[in-house]
């Protein structure tokens, strides 16, 4: 019997060994944010840049959060996600007091919903990695700054199920977009808090392939297009002059 308390450890180890490409993308994206921050701060002192980090809850929507399907005989075996959590990094170049553009990199983990008649020893989890270009419009320029924005980029979703002896895994990548509304609270000239609500949608469905499942030692599982609502809070650091 597989010890569920060990699953997160197993999942991370498996994710690192089988999804190294995703982690490389994540690392490169973080480096890109840092390069943007350092480059702009040195060459455009008259402008403002900001960066920060955030975390929060992630709630699957649509097909991504629907009931899973276990009907292999008719070519349907689709995993879906339960509740999760996320964290992310963001960098912005402030074109003026109302407009900012930049880059967001996030990472979310969701518990997998149980399949009908699934053994209690089977556990699963989804990992989601979005890398997005971002546009923000601030409606006010005082210490409290409500804003709306839009993100566009790519998203990668992977899932792993295991019962301790057999592993089922799959992944899918595609274009993603995310409308967002939020607010920044500047406590000082260089430091503040932020909160937002974001709807992320990725066109990265991985369809279950019965032929692949039959010939693959790790089997196969379908993944719906990734959709979830993120509720986030975080901190923000601002540099440069007005």
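The numbers here are math on the coordinates, done by the rules we state, and not lab data. What you are looking at is a predicted structure, and each value in this text was computed from that prediction instead of being measured. Note: ideal-geometry Cβ built from the backbone for every residue, glycine included; neighbour counts use all protein chains shown.
Structure notes:
- Gain on full stretching of the segment that runs from residue 207 to residue 96 - 0.36 nm per residue minus C-alpha separation: 35.6 nm
- Protection proxy ranking of 119-127, 64-72 - average other beta-carbon atoms within 10 Å, highest first: 119-127, 64-72
- Two-decimal ratio, the range 62-217, of alpha-carbon radius of gyration to 2.2 N^0.38 Å: 1.31
- Rg/Rh, computed from the Cα trace of the range 87-149 with Rh as the Kirkwood radius, has the value 1.28.
- Value in Å of the Kirkwood radius, where the range 54-116 supplies the Cα pairs that are averaged: 14.3
- Stretchable slack from residue 181 to residue 71, in nm (0.36 nm times residue separation minus alpha-carbon distance): 35.7 nm
- Estimated inter-spin distance, residue 135 and residue 152, nm [label 7 Å along Cα→Cβ]: 0.7
- Averaged over residues, the count of other Cβ atoms within 10 Å places the peptides 50-61, 163-174 in the sequence 50-61, 163-174, highest first.
- Approximate spin-label separation residue 119-residue 167, in nm, with each point projected 7 Å along Cα-to-Cβ: 1.7
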